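First up is the structure itself, then whatever we jot down about it.
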Amino acid sequence: MKFLKLTWKNSFRHKLRTFLTILGLAIAVMAYSVIRTSVDAWYAGASASSPNRLVTINNVSLIFTIPMAYKEKIEKVDGITGITWAQWFGGVYVDPKNFFAQFAVDPVTYFDLYPEYIVPEEQFQDFLSQRNSVIVGRKLADRFNWSVGDPVRLIGTIFPGDWDFVIAGIYTGTKEITDESQWFMHFAYLDERMKVEAPPRAGQIGSFITRIDDPNRAVEISNNIDAMFENSIAETKTDTEEAFQLSFVAMAGSIVAGLKAVSVLVIGIILLVLANTMAMTARERTSEYAMMKSLGFRTAHIAGLIFGESLFIAAMGGLMGILITLPIVNLVRVGLSDFFPVFKLDPITVMLGFSAAIIVGFLAAIFPAIKAVNTSIIDGLRIID
Amino acid sequence: MAEKFIEVKNVEKSYWRDTLEIPVLNNINLDIEKGDFLALMGPSGSGKTTLLNLIAGIDRPSTGEIFVDGVDIAPLSDGMLARWRSDNVGFVFQFYNLLPVLTAFENVELPLLLTKLSKQERKHQVETALSIVGLADRMDHYPNQLSGGQEQRVAIARAIATDPSFILADEPTGDLDKVSAEEIMDLLSQLNKEFGKTIIMVTHDPKAAEYARTQRHLDKGELNNNHA
């Protein structure tokens, strides 16, 4: 405690240098936290998935459909307690840049399998009673200022033509990580029009979602489902919902890996910056440390002063980094809401960012401390006669 | 007969530059009495600062023994030597070696941080030391707000703050103008006469050496036998 004042005063001996170092650390911690939050955002779908749900898609690719007729067989597989289906719609609202996820679903069974989407009962009944009505997420409604009762027209891309809808309800998520930026329409509305306009596309869906009674049997049940359709015109691939979501992350695997690498690189660079600052500091004070040693200051005292200063600067940088991370994450969340429905700063990320700063502070002090401790008093004072 | 305080016995010191041995001190024998004020003189490279460093315990002799108040300091470990220095030695350097971020008070307090004194006791010690050197009114000033002479007086206050057994001064007036140098020498002389401090001073300056009770001359690593 007696040496805290000296550590404090030493830290601000070169105010500009210290400020720039703290700023550098803060930016690094902010960059690390934002990058890590971005990586978390990629995995948000997987994090929000349920272990009780399986997703069955066409074995060739997600963009190929599977027949609705499979439902009868799949729901009879042992261990399955519920089934629903969804078809990606892919319409454009006013402008192609207004991207959001649109699914044509079976209203009753879909919301039964996804209890994390909360829809007011009255709105849900309206949704059930009107074929061209939709349920949208709270964030999506806020994004386009939609209210219940608003008419919305989408221009079909996968399913060509103008499609008119009415907002019947707005759902909210039970958890913070629940995606509130989706659009759910009636599959029947889509399918009936396909029967008229493009009969071969009628009765085709993108995926079946099943609820299973025991997550431990997920692999067995998945295998049983897929085995039924081996050598058919549309072989299936069934995975847990988490694995299904992770397959999307895998599509952008290089980007995610790159982001992770950059986050580590950022910490490495700032380590060099702080290490350089501490090395300069210790070198400039060589004669002072020698003087202090001549007064009786021991190795632990000198090392303590260097480590204390480095850790203090690192802690300041870490704290400042966390403070500037909060508004930056909010900005990124707003700016990238089209791409990342869930972009949330995890407390663990905050802790990791601050811990990284502290570790950098410790590592940066090691070599300057060793050098200062090992420099003899005589050399330090440069008083060899 | 006066009490023998410091005994330097058959001390030799060499430095190595790669494989080349450079002898600095050769068979030095020196006795210093308690309360003495010794001026070590000699040309540059004569080894006087090296001898001072050996007596101070910040360097070790190649051979020989150095007893201070009966304790042979040469075999002490680095940690024990550091503790011994903090208890027994007061340093005054040519270039003051004050920490620029600390006030005069804090600079003088620095060696006291190694003691078990309370904050109040440290304050008392610091104020006493600064009063002795005549800088009680400059406690809150930083080194860059003081003249060279005042900085050296703060350094002397730092040297006496722990009430050490003896004071070592390496060219204490080497960086000062004539008036300031005289003030510093008066102060050292006062510490010797009024407070009974044993002082060993290295100096080039014959005028500064005149303040000492004893003068010894070193030349090419050997101590001349003639006492002044």
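The values are calculated or read from the model by the stated rules, or taken from the named source; none is laboratory data. Keep in mind the model is a prediction, meaning the values are calculated, not measured. Methodologically, a virtual Cβ is constructed for each residue, glycine included, from the backbone with ideal geometry; neighbour enumeration extends over all protein chains shown. Just so you know, the surface numbers come from the protein's heavy atoms only, side chains and all, with ligands and any DNA or RNA stripped out. Shrake-Rupley method; radii C 1.70, N 1.55, O 1.52, S 1.80 Å.
For the range B:58-72, enumerate the residues that are more than 9 Å from chain A (Cβ to nearest Cβ) and farther than 15 Å from B:THR198 by Cβ.
From the range B:58-72, those more than 9 Å from chain A (Cβ to nearest Cβ) are B:60-72; that's our starting set.
B:ARG60, B:PRO61, B:SER62, B:THR63, B:GLY64, B:GLU65, B:ASP72 - these are the residues of the range B:58-72 that are more than 9 Å from chain A (Cβ to nearest Cβ) and farther than 15 Å from B:THR198 by Cβ.
Can you work out which of the residues in the range A:154-170 that are in contact (Cβ under 8 Å) with a residue 60 or more places away in the chain and crowded, with 19+ Cβ neighbours inside 10 Å is farthest from the chain's Cα centre (by Cα)? Don't jump to the end; show me each part of the working.
First, pick out the residues of the range A:154-170 that are in contact (Cβ under 8 Å) with a residue 60 or more places away in the chain: A:154-159, A:163.
Imposing the further condition that a residue be crowded, with 19+ Cβ neighbours inside 10 Å reduces the set to A:154, A:159, A:163.
Values: A:LEU154: 29, A:PHE159: 31, A:TRP163: 32 Å.
Ranking the candidates gives A:TRP163 first.
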Item checked: Residues satisfying the stated conditions in the range A:198-239, i.e. over 33 Å from the mean Cα position of the chain (by Cα), under 25 Å from A:PHE103 (Cα atoms) and open to solvent by 60 Å² or more (accessible area, probe 1.4 Å) -> A:PRO199, A:PRO200, A:ARG201, A:ILE233
Item checked: Of residues in the range B:156-193 being among the β-branched types (Val, Ile, Thr) and outside any helix (DSSP H, G or I), the one nearest to the other protein chains (Cβ to nearest Cβ) -> B:THR162
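When you scan the range B:103-111, do you find a residue that is within 10 Å of chain A (Cβ to nearest Cβ), outside any helix (DSSP H, G or I) and open to solvent by 10 Å² or more (accessible area, probe 1.4 Å), even just one? Don't jump to the end; show me each part of the working.
Step one: filter the range B:103-111 for residues within 10 Å of chain A (Cβ to nearest Cβ), giving B:103, B:106, B:109-111.
When the remaining residues are screened for being outside any helix (DSSP H, G or I), the result is B:103.
Adding the requirement that they be open to solvent by 10 Å² or more (accessible area, probe 1.4 Å) leaves B:103.
Within the range B:103-111, one or more residues are within 10 Å of chain A (Cβ to nearest Cβ), outside any helix (DSSP H, G or I) and open to solvent by 10 Å² or more (accessible area, probe 1.4 Å).
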Notebook entry, point to check: Among (1) more than 12 Å from chain A (Cβ to nearest Cβ); (2) open to solvent by less than 20 Å² (accessible area, probe 1.4 Å); (3) over 22 Å from B:PHE37 (Cβ atoms); (4) of a type outside the set (Lys, Arg), which single condition is B:GLN125 missing?
Noted result: (2)
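In the range B:128-144, how many are part of a loop (DSSP other than H, G, I, E, B) and surrounded by 15 or more Cβ atoms within 10 Å (Cβ to Cβ)?
Filtering the range B:128-144 down to residues part of a loop (DSSP other than H, G, I, E, B) leaves B:133-135, B:139-142.
Okay, now just the ones that are also surrounded by 15 or more Cβ atoms within 10 Å (Cβ to Cβ), so B:133, B:135, B:139, B:141-142.
Counting residues in the range B:128-144 that are part of a loop (DSSP other than H, G, I, E, B) and surrounded by 15 or more Cβ atoms within 10 Å (Cβ to Cβ) gives 5.
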Item checked: Hits in the range B:24-48 - residues which are closer than 24 Å to B:ALA82 by Cβ, open to solvent by 10 Å² or more (accessible area, probe 1.4 Å) and either among the polar types (S, T, N, Q) or not in a strand (DSSP E or B) (or both) -> B:LYS34
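So that you can scan it fast, the table gives a plain yes or no per residue for (1) of a type in the set (Ser, Thr, Tyr); (2) closer than 22 Å to A:ILE158 by Cβ:
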| residue | (1), (2) |
| --- | --- |
| A:TYR93 | yes, yes |
| A:LYS97 | no, yes |
| A:THR109 | yes, no |
| A:LEU113 | no, no |
| A:GLU116 | no, no |
| A:GLU121 | no, no |
| A:SER129 | yes, no |
Checklist line | Cβ-Cβ under 6 Å pairs, at least 6 apart or on other chains, the range A:171-189 side under 30 Å from A:PRO199 (Cα atoms), far side open to solvent by 30 Å² or more (accessible area, probe 1.4 Å) | finding: A:PHE184/A:PHE103; A:HIS186/A:ARG131; A:PHE187/A:ASP106; A:TYR189/A:ARG131; A:TYR189/A:ASN132
Next item on the list: Tally the residues that are more than 14 Å from chain A (Cβ to nearest Cβ) and either out of contact with any Phe, Trp or Tyr (no Cβ under 9 Å at 6 or more places or on another chain) or of a type in the set (A, V, I, L, M, F, W, C) (or both), restricting the search to the range B:27-47.
Entry: 7
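Return yes or no: is A:LEU16 within 30 Å of A:GLY353 (Cα to Cα), out of contact with any His (no Cβ under 7 Å at 6 or more places or on another chain), of a type outside the set (Lys, Arg) and free of Cβ contacts under 8 Å to residues at least 40 places away in the same chain? Even if it seems obvious, please write down each step before you answer.
Numbers: within 30 Å of A:GLY353 (Cα to Cα): yes; out of contact with any His (no Cβ under 7 Å at 6 or more places or on another chain): yes; of a type outside the set (Lys, Arg): yes; free of Cβ contacts under 8 Å to residues at least 40 places away in the same chain: yes.
The answer is yes for A:LEU16.
For (1) in contact (Cβ under 8 Å) with a residue 40 or more places away in the chain; (2) open to solvent by 20 Å² or more (accessible area, probe 1.4 Å); (3) in the same structural domain as A:SER207 (by TED's automatic domain parsing), each residue gets a yes or a no:
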| position | (1), (2), (3) |
| --- | --- |
| A:ILE22 | yes, no, no |
| A:ILE35 | yes, yes, no |
| A:VAL39 | yes, no, no |
| A:ASN52 | yes, yes, no |
| A:LYS71 | yes, yes, yes |
| A:THR84 | yes, no, yes |
| A:ASN98 | yes, yes, yes |
| A:ASP106 | yes, yes, yes |
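Go through A:LEU113, A:LEU4, A:LEU54 for me and flag whichever is within 14 Å of chain B (Cβ to nearest Cβ) and of a type in the set (A, V, I, L, M). Show your work before the answer.
Values: A:LEU113 fails: within 14 Å of chain B (Cβ to nearest Cβ); A:LEU54 fails: within 14 Å of chain B (Cβ to nearest Cβ).
Within the list A:LEU113, A:LEU4, A:LEU54, the selection yields A:LEU4.
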Next item on the list: Considering only the range B:83-93, state which residues are more than 8 Å from chain A (Cβ to nearest Cβ) and open to solvent by 30 Å² or more (accessible area, probe 1.4 Å).
Entry: B:ASN88
Notebook entry, point to check: Name the pairs: first residue in the range A:121-144 and within 14 Å of A:GLN102 (Cα to Cα), second residue aromatic (Phe, Trp, Tyr) and in a helix (DSSP H, G or I), Cβ to Cβ under 9 Å, at least 6 apart or on different chains?
Noted result: A:ASN132/A:TYR189; A:SER133/A:PHE127; A:SER133/A:TYR189; A:VAL134/A:PHE127; A:ILE135/A:PHE111; A:ILE135/A:PHE124; A:ILE135/A:PHE127; A:VAL136/A:PHE144
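Among the candidates B:GLU21, B:GLU12, which residue alone is more than 14 Å from chain A (Cβ to nearest Cβ), on the phi < 0 side of the Ramachandran plot, modelled with pLDDT under 90 and part of a strand (DSSP E or B)?
Details: B:GLU12 fails: modelled with pLDDT under 90.
Just a single option satisfies the conditions, and that option is B:GLU21.
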Note to self: Please go through the range A:9-32 and give me each residue that is in a helix (DSSP H, G or I) and facing another protein chain (nearest Cβ under 9 Å), ordered by number.
What the structure shows: A:LYS9, A:ASN10
Item checked: Spans of helices (runs of 4 or more DSSP H) in the range A:270-385 with at least 2 residues within 14 Å of another protein chain (Cβ to nearest Cβ) and open to solvent by 30 Å² or more (accessible area, probe 1.4 Å) -> A:286-295, A:299-335, A:347-374
Checklist line | Considering residues of the range B:73-82 that are open to solvent by 10 Å² or more (accessible area, probe 1.4 Å) and over 30 Å from A:THR7 (Cβ atoms) only, the residue farthest from the other protein chains (Cβ to nearest Cβ) | finding: B:PRO75
